[in-house]
Amino acid sequence: MRCVAVGLKRNTWGGALRLPNLLSCLLLCMGGATFAQQVADTLHLGAVEVAKPRLAAFSAGTKVQRVDSATLARYANADLGTLLANETPVFVKSYGLGGLATTSFRGGSANHTAILWNGINIGSPMNGQSDLSLIPMGVADAVSIQYGGGTALWGSGALGGSIHLENKPHFGQGLQVAGGVAMGSFGENRQQLHGECSTERSATTIGLYNSAAANNFRFTTGQHREQRMPNATFRQYGVLLGQQLRVGKADRVGIHYWGQLANREVPPTLQQELSTAFQVDASHRVMADWHHAGATWGTVVRAALLDERLDWYGSADSTAATSRAQTLVAEAELRLRPAGPHLVDMGVNGTFAEASGAGYPKGVRQGRQALFALYRYHPAKGGFTGSASVRQEWQDGRSVPITGSIGLEYRMRPWAVLKAQGAKLYRLPAFNDLYWQPGGNPGLLPEDGSSSDLGVALQHRWKRWDLRTEITWFNRTVQNWIIWLPGPAWWSPGNIMQVWSRGVETDSRIVWKQGRSTWLLGAITNYVVSTNQVAKSRYDEGVDKQLIYVPMYSGNARIGWQRERCSVTLSGTFTGYRYTSTDNRDFLPPYWLLNARASVRVLENSRWHADAFVQGSNMLGAEYQVVMDRPMPLQSILAGVGMRYSRPNKTKLATP
Amino acid sequence: MNTRKLIALLLLLPALPACRKDKPEPREEQPAAATDHGVYIINEGNFNWGNAAVSWYNKATGQAVEDLYAPANGTPLGDVLQSMTLHNGNGYLVVNNSGKVVVVDPDNFRAVATITGFTSPRYLLPVGNNKAYVSEMQGNKVRVVDLASNSMIGDITCRGWTEEMALAAGKVFITNESRKYVYVVDPGTDAVADSIAVSSGGNSIVEDANGKLWVACKGGGGTPPALCRINPATLQKEATFNFPGSSASPWRLAVSGDGNTLYFLNGGVFRMGIADNALPALPFIAEQGRNFYGLGTDPQEGTVYVADAIDYTQRGRVFRYTAEGAPMDDFLAGRIPGGFVFR
């Protein structure tokens, strides 16, 4: 009853009773229930501390969301942007199917999220961000999302959070082949094939994917006419290759290649008569790593070469505006596990990037070096884990302010874990900020700031019930926030804003078994206030106002049912007001989307299994815009089949 | 505090900051009428955001209306309003990134026609009773438009990004942002007749009391920022005032109603007499932490209107000054106010 009173009081302050408030209240009620049993320890992932990924070993106190394999399977035909929009509190600013999609992580900007592929930051050095629609989910077999500042662990850019895509080794699994085809509304068709052949010493993988859509959905124009979206076709295809070898008992070496080509037309806005523009994005990414995991020490050495090219065409007969960047990354870590509860990691990172194109002066390049040290304290008893990290980076010989973080995690009860983290943050300006002609500002300072998180994770297993909830409160300030403003002659970036972001995220899930059925009920709520605290010019009315395109309230809820060979998931997402003017006067209205998916196993034997699925998006046909004047499709359907063939080795060894 | 109380307290945390209201105040937009004594403010709007608008400032009442077009027509005007021209009882709104010219009744602002087929139109100049030229940023063409049928009837090949135009001595003078020439077009033949070398980045052109044309150039490509004076009768450049250094960027050239005083933006607002022998050293109106984006002078009263785009993502503010530079008052316009049309 106490929480209900709080909810009502808050509504008195805040005006009308709103669904996000109700959800918060519901969660409070859930939190008030007695949780008296054991929580699975999210920290203890394995006995071999030395071999743990950096994320698992040194992120005590932060919220880490690991996308489970069932969810990954559901998104096998989607891109990272769609997964984040539907399954996480991260706001995805999407221009539509296949179009540009960027993140706002806890009220940050698009370049405040680090996206790492096997530990390598794949964000573009040109604009400092990643287009999520160019990252199909098939490229990774494990996805983790770390919330909060992590620049000491991952380097420049991880101010709001980081997303980790991994290709994990699967030694001794024999031959595994998985493939799928799907077709849907607006000419959407997708195919992917993934094969893996492994012994206990070697694992070879090959993946191919292709997706395309005419994307000519119906929408209502600004003049209230109904028409189909023109110039919106996209096609994307790519290849993934991987070879991993186990050498002796403690060493593993691997090499991965990911190549991709995307050809996307750029549809007109509601206010444009027509658009003939299209863009081609091509990328090649190669990375190699060596892992040594001994009893008391280990090492990871990784190197990567990233090459990306963007060709923009105003029309089919115009010449391309080309931008190209190459990045070479080399990183080495030494991990020590002395006696006792200590784990130490020391590393060095060197990144060299260069870019070319009409917008850059000749020979634009940047060298960055970083030293980092990480420490974890985790006694066998007491339920306490602490971690600390420190990082010093140099950009072209100039030192960047030193950053670091401290995280604490304390298991107060078997069913309750308290988390706290504080971090210093930074982001180096991207090439476009520094060198774009005209306007680039080589005198830009790095963005810098600090963040703190406080959270509690509860889990309760009781008979056939599994309940878990995690609530996180965060607070972050960033100075020298870079924005572009028109100058006397052209647009130019400056260290102009000071942004204060704060809010609360909740992530709750109930799973229960009833007879042969398993039910799942989940909800994510997100409250973010992200405001600029300094006047950008003398008469700025945007001080202490919400940043544009950052929803204050958002959330999603889902209900799933699974019984033997069938499963059904129904999910709804809510996105609140997003302002389109810094004085918060202009806005896009909130929207609800209802999505549904049903799948059935149509074939299952010792070697083969096959699932057929059908999914509907925006089932209620909501007319909405994520980005102003970029209409989104009404109802759409995608249906397909996924198959898997498995032929295990005769003698199977466990994956290390 | 025992653990259970601590956890209960933590669970209450979501309630603490959740007192911000996100629902914006509703906006009341009623169709408004423009009277004979007022100023249209051309609000460019953000590129690709479709939020161009025309504000109206009533000089008699001092009241400003944020947008005339959307309430009158039930639909937004379009994407990037570059300019507006009054001619023969019509208003011609050149909507750059929508590739169209919308013809409106200047009193009630209802759209009466739309001229389409442009690539990225910038300015419209009537060159006859029913004929006008429209400059284009892309496409290397100036378009010829029939104002009776409201349709495009031809092209004039003219390389580069054509910008503001002026009709003088029976010729049309076309500034060019990407080339260092002012192009001269014969409106009888619709063909380029000549070109006059100035500086690169020619962006605005006005006619003074002596019938001479003044062109503001931002410079670039090895040419300095400059103000140039052209004799339209001889097609010769008569005078050049180069700005020291390459960081200057003169634009939005305007002229007083009597044609004797020039105004332009170069950060702040600068004022120069047409007989002056040198560029003004100090601003007539200092920018003082504002982002000046538009400039206009009332031809009747001499009042100077200067628009502050603030951060380009909120409503801009218009400041009024007397002809002597004394501040009068200010009012809010639409997004990115860039120009003024007086009636």
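The values are calculated or read from the model by the stated rules, or taken from the named source; none is laboratory data. None of these values were measured; they are calculated from a predicted model. As a convention, Cβ positions derive from the backbone with ideal geometry for all residues, glycine included, and neighbour counts pool all protein chains shown.
Within segment A:451-488, the set of residues being aromatic (Phe, Trp, Tyr) and closer than 12 Å to A:Trp415 by Cβ comprises A:Trp462 only.
Every residue, every condition in (1) closer than 20 Å to B:Val215 by Cβ; (2) among the β-branched types (Val, Ile, Thr); (3) away from chain A (no Cβ under 14 Å), yes or no:
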residue: B:Asn97; (1), (2), (3): no, no, no
residue: B:Leu147; (1), (2), (3): no, no, yes
residue: B:Cys158; (1), (2), (3): yes, no, yes
residue: B:Trp161; (1), (2), (3): yes, no, no
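Residues that are modelled with pLDDT under 95 and either in a helix (DSSP H, G or I) or surrounded by fewer than 19 Cβ atoms within 10 Å (Cβ to Cβ) (or both) within segment B:94-105 comprise B:Asn96, B:Asn97, B:Ser98, listed in sequence order.
Answer with yes or no whether B:Gly222 is within 14 Å of chain A (Cβ to nearest Cβ) and at positive phi. So B:Gly222 does not fit the description; no. For segment A:531-553, does any single residue satisfy the condition of being touching a Pro at 6+ places or on another chain (Cβ under 7 Å), buried (at least 17 other Cβ atoms within 10 Å of the Cβ) and under 20 Å from A:Thr469 (Cα atoms)? Yes, because at least one residue in segment A:531-553 is touching a Pro at 6+ places or on another chain (Cβ under 7 Å), buried (at least 17 other Cβ atoms within 10 Å of the Cβ) and under 20 Å from A:Thr469 (Cα atoms). Might you let me know whether segment B:6-13 holds any residue that is facing another protein chain (nearest Cβ under 10 Å), on the phi > 0 side of the Ramachandran plot, at pLDDT below 95 and surrounded by fewer than 20 Cβ atoms within 10 Å (Cβ to Cβ)? The answer is no, given that none of the residues of segment B:6-13 is facing another protein chain (nearest Cβ under 10 Å), on the phi > 0 side of the Ramachandran plot, at pLDDT below 95 and surrounded by fewer than 20 Cβ atoms within 10 Å (Cβ to Cβ). Of all residues in segment B:207-226, those satisfying the criterion of being under 16 Å from B:Ile274 (Cα atoms) and surrounded by 21 or more Cβ atoms within 10 Å (Cβ to Cβ) are B:Leu213, B:Trp214, B:Val215, B:Ala216, B:Ala226. Looking only at residues in segment B:83-93 that are surrounded by 24 or more Cβ atoms within 10 Å (Cβ to Cβ) and within 14 Å of the chain's Cα centre (by Cα), which one is nearest to the other protein chains (Cβ to nearest Cβ)? So the residue we want is B:Leu93. Within segment B:256-272, the residues that satisfy the criterion of being assigned to a strand (DSSP E or B) and either touching a Pro at 6+ places or on another chain (Cβ under 9 Å) or within 14 Å of another protein chain (Cβ to nearest Cβ) (or both) are B:Phe264, B:Leu265, B:Asn266, B:Gly268, B:Val269, B:Phe270, B:Arg271, B:Met272. Which of the residues spanning segment B:286-303 are more than 7 Å from chain A (Cβ to nearest Cβ) and either under 24 Å from B:Ala248 (Cβ atoms) or assigned to a strand (DSSP E or B) (or both)? Within segment B:286-303, B:Ala286, B:Glu287, B:Phe292, B:Tyr293, B:Gly294, B:Leu295, B:Gly296, B:Thr297 qualify. Of the residues making up segment A:530-540, one or more are closer than 30 Å to A:Arg509 by Cα and more than 9 Å from chain B (Cβ to nearest Cβ).
In segment A:58-87, of all residues being modelled with pLDDT of 90 or more and over 16 Å from the mean Cα position of the chain (by Cα), the one that is farthest from A:Arg106 (Cα to Cα) corresponds to A:Phe58. Within segment A:306-328, no residue that is touching a residue at least 40 places away in the same chain (Cβ under 8 Å) and part of a strand (DSSP E or B) sits with its Cβ atom under 6 Å from a residue that is surrounded by fewer than 18 Cβ atoms within 10 Å (Cβ to Cβ) and among the aliphatic types (A, V, I, L, M) at 6+ positions apart or across chains. Scanning segment A:329-371 for residues that are outside any strand (DSSP E or B), under 23 Å from A:Val50 (Cβ atoms) and of a type in the set (Lys, Arg) gives a single hit, A:Arg337. Among the residues of segment B:172-197, the ones that are over 15 Å from B:Ser135 (Cα atoms) and buried (at least 20 other Cβ atoms within 10 Å of the Cβ) come to 2 in all. If you go through segment B:312-319 one residue at a time, do you hit one that is more than 12 Å from every other protein chain (Cβ to nearest Cβ) and buried (at least 18 other Cβ atoms within 10 Å of the Cβ)? Checking segment B:312-319: not a single residue is more than 12 Å from every other protein chain (Cβ to nearest Cβ) and buried (at least 18 other Cβ atoms within 10 Å of the Cβ).
When you scan segment B:219-236, do you find a residue that is closer than 23 Å to B:Gly139 by Cα and under 21 Å from the mean Cα position of the chain (by Cα), even just one? Yes; the residues of segment B:219-236 include at least one that is closer than 23 Å to B:Gly139 by Cα and under 21 Å from the mean Cα position of the chain (by Cα).
Select from segment B:27-75 the residues that are within 11 Å of chain A (Cβ to nearest Cβ) and on the phi > 0 side of the Ramachandran plot and write down the one among them that is surrounded by the fewest Cβ atoms within 10 Å (Cβ to Cβ). For segment B:27-75, the residue satisfying everything is B:Gly74.
Is it the case that segment B:113-121 has a residue that's in contact with a strand residue (DSSP E or B) (Cβ under 7 Å, 6 or more places away or on another chain) and either touching a residue at least 40 places away in the same chain (Cβ under 8 Å) or closer than 23 Å to B:Tyr263 by Cα (or both)? Within segment B:113-121, not a single residue is in contact with a strand residue (DSSP E or B) (Cβ under 7 Å, 6 or more places away or on another chain) and either touching a residue at least 40 places away in the same chain (Cβ under 8 Å) or closer than 23 Å to B:Tyr263 by Cα (or both). For A:Thr299, the stated conditions hold: it is surrounded by 15 or more Cβ atoms within 10 Å (Cβ to Cβ) and closer than 30 Å to A:Gly382 by Cα. Number of residues in segment B:195-224 that are part of a strand (DSSP E or B) and either out of contact with any Gly (no Cβ under 9 Å at 6 or more places or on another chain) or not β-branched (Val, Ile, Thr) (or both): the value is 13. When the residues of segment A:116-139 are filtered to those that are in contact with a helix residue (DSSP H, G or I) (Cβ under 8 Å, 6 or more places away or on another chain) and among the hydrophobic types (A, V, I, L, M, F, W, C), the one that is farthest from A:Leu328 (Cα to Cα) is A:Met137.
Residue check: is A:Thr569 in contact with a Lys or Arg (Cβ under 6 Å, 6 or more places away or on another chain), touching a residue at least 60 places away in the same chain (Cβ under 8 Å) and β-branched (Val, Ile, Thr)? So A:Thr569 passes the test. Here the strands (runs of 3 or more DSSP E) wholly within segment B:134-192 that include at least 2 residues being among the basic types (Lys, Arg) and in contact with a strand residue (DSSP E or B) (Cβ under 7 Å, 6 or more places away or on another chain) are B:141-146. When segment A:253-299 is limited to residues that are among the hydroxyl-bearing types (Ser, Thr, Tyr) and away from chain B (no Cβ under 14 Å), the one that is nearest to the chain's Cα centre (by Cα) turns out to be A:Ser283. What number of residues within segment A:230-273 are polar (S, T, N, Q) and not in a strand (DSSP E or B)? The number of residues fulfilling the criteria is 5.
Conditions (1) surrounded by fewer than 20 Cβ atoms within 10 Å (Cβ to Cβ); (2) within 14 Å of another protein chain (Cβ to nearest Cβ), marked per residue:
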site	(1), (2)
B:Asn277	yes, no
B:Phe284	yes, no
B:Tyr305	no, no
B:Thr322	yes, no
B:Asp330	yes, yes
B:Gly334	no, yes
B:Gly339	no, no
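Can you name the residue in segment A:174-209 that is under 15 Å from A:Phe613 (Cβ atoms) and not small (Gly, Ala, Ser) and is also surrounded by the most Cβ atoms within 10 Å (Cβ to Cβ) among such residues? Filtering first and then ranking leaves A:Gln192.
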